[in-house]
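Readers should treat all values here as calculations from the given coordinates under stated rules, not as data from a laboratory. Quantities reported herein were computed from a predicted structural model and do not represent experimental measurements. Glycine also receives a Cβ, built like all others from the backbone with ideal geometry; neighbour counts cover every protein chain displayed.
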Amino acid sequence: MTPSLTIIIPVRNRQHCIAATLDSIAASTVLPACLLVVDNGSTDATADVVRQWAAAHAHGGMDIRMVEESRAGAGNARNRGLEECATEYVYFFDSDDLFGTGFIEQLSHCIAGDGAEADIILVRTRQCVNGVVADRFFGHPDTLSSHIIASTLSTQSVVYRTAWLRRLGGSDVRLRLWIDWELGVRVLLQKPATCVLANGSADGQPVAYHTIFVHPDSITGPSLAARGEALMPAFAQVLADINSAAIPDGERRQALLALRYRANIVAGQLAAQRNGAVAHELRRWVDNSLPAVSAWHRMMAALLRAYTSLGGRGAWRIALRMC
């Protein structure tokens, strides 16, 4: 059964890899109703590659379209795709990743069953960093503090009911970095009806779909230093989202504590990558913008920042326990 699903892929200057991404979607055991590529001002041959691919797969069983969005930025491209979407569900994918063959088939079962009333369906994914593939942290993906600290609702981790996402407003186009992190905060603050995509393995083990490649030229690239200044608006907007949300005071305090830990860990990452100026700016923002916490939490956040600045990894796992 083909689900009423559109896959949206924003793309800019990806002539070298977009065909492989599209091929991986075409290899699915069940195809989406629509595959929509949004060209975001490519200056190479990306658009020609997509058109040629679409012509070669025109009779493959899915509607394939390409639209153009001249306003720069992934948020603008994703929102343009959302405007064009005519299906009940929408799913965003990146132009340099590989799609999981059985994902849509499992999603169709979910939509017909436990996920029939869900606003969002959560998806496990795997990541490839320097040739090493491992499942991304999933934990409790629908918990606000988990997302603030560990970005559990990354781009490929959520299938949205289209009308619900439109009411939320889609991506914040004012941000240049961590757009999906801020969107995930707004999503969870709205208390959506949620379903986790069930595993489809014979041995009952959770299945991670797709392979997300992390490299310096990717949106999720490992280096923050070169784009550190763009982080500050994302932190400021997430703070505004939390403060303006109609949630209990206890939940707000927990979310703000998680934001404190995340900001300190990122400051440590920036320091480790030799961007001390933005690391200092982020630390000052924490002191001036976030509410006071106990001496214990101040000490732990500072320790995790220092540990990360020295090259330590996995501080976020400790932060999750603190929140």
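For the chain, what is the relative contact order in percent, using Cα pairs closer than 8 Å and at least 6 residues apart in sequence? Show your work: numbers first, answer last.
Values: 567 pairs, mean separation 53.0, N = 323.
So the answer I get is 16 percent.
Can you tell me which of V185, V129, V90 moves the most in a GNM of the chain? Springs connect C-alpha atoms under 10 Å apart.
V129
Given N residues in the chain, what is its alpha carbon radius of gyration divided by 2.2 N^0.38 Å?
Taking N as the residue count of the chain, the ratio is 1.00.
Provide the FRET efficiency to the nearest 0.05 for the Q205-A19 pair, computing r from the beta carbons and using R0 = 30 Å.
0.40
Would you report the distance distribution of C-alpha pairs in the stretch 12-86 as whole percents per 5 angstrom bin, up to the bin with the largest distance?
Computed distribution, short to long bins: 3, 16, 27, 25, 20, 8, 1.
For the charge dipole of the chain, defined by +1 on Lys and Arg C-beta atoms and -1 on Asp and Glu C-beta atoms about the Cα centroid, which residue among V129, A258, G102 has the Cα displaced farthest towards the positive pole?
My answer, from the dipole projection, is A258.
How large is log10 of I(q)/I(0) for the stretch 81-190 at q = 0.18, 0.20, 0.21 Å⁻¹ when the intensity is taken from the Debye formula with one equal scatterer per alpha-carbon?
Log10 of I(q)/I(0), two decimals: -1.02, -1.27, -1.39.
Principal axes first, then extents: for the Cα atoms of the stretch 134-185, list largest minus smallest coordinate on each axis, whole Å, largest first.
Extents along the principal axes: 30, 25, 21 Å.
Can you give the Kirkwood hydrodynamic radius of the stretch 1-145 from its Cα pairs, in Å with one decimal?
This gives a value of 16.1 Å.
Testing the spin-label approximation: label points 7 Å from Cα along Cα→Cβ at A246 and H297. State their distance in nm.
2.5 nm
Report, as a whole number in µm² per second, the diffusion coefficient that Stokes-Einstein gives for the stretch 42-120 at 20 °C and 1.002 mPa s using the Kirkwood radius over alpha carbon pairs. Mind dumping the intermediate values first?
Details: Rh = 15.1 Å.
D, rounded to a whole number, is 142 µm²/s.
Which percent of Cα-Cα pairs in the stretch 231-317 sits in each 10 Å bin, short to long?
18, 50, 28, 4
Take every DSSP beta bridge whose two residues both sit in the chain, then give the antiparallel share in percent to the nearest 5.
30 percent
Helix-only estimate, please: 222 nm mean residue ellipticity of the chain, summing -39500 (n - 2.57) across DSSP H runs of length 4 or more and dividing by its residues, to the nearest 500.
So the calculated ellipticity at 222 nm is -13500 deg cm²/dmol.
What Kirkwood hydrodynamic radius do you get for the stretch 85-144 when you take the inverse of the mean 1/r over all pairs of distinct Cα atoms, in Å? Can you show the working numbers first?
Values: mean 1/r = 0.0727 Å⁻¹.
For the stretch 85-144, the Kirkwood estimate is 13.8 Å.
Express in nm, to one decimal, how much length is gained between R321 and A72 on full extension, taking 0.36 nm for each residue of separation and deducting their alpha carbon distance.
Gain on stretching R321 to A72: 85.8 nm.
If the elastic network links every pair of Cα atoms under 10 Å, which of L310, L31, L177 fluctuates the most in the Gaussian network model of the chain?
Per the Cα network of the chain with a 10 Å cutoff, L310 tops the list.
Per residue of the stretch 169-176, in order, report the coupling 6.51 cos²θ - 1.76 cosθ + 1.60 (Karplus, θ = phi - 60°) as ³J(HN,Hα) in whole Hz, putting x for Gly and Pro.
x, x, 6, 7, 6, 6, 8, 10
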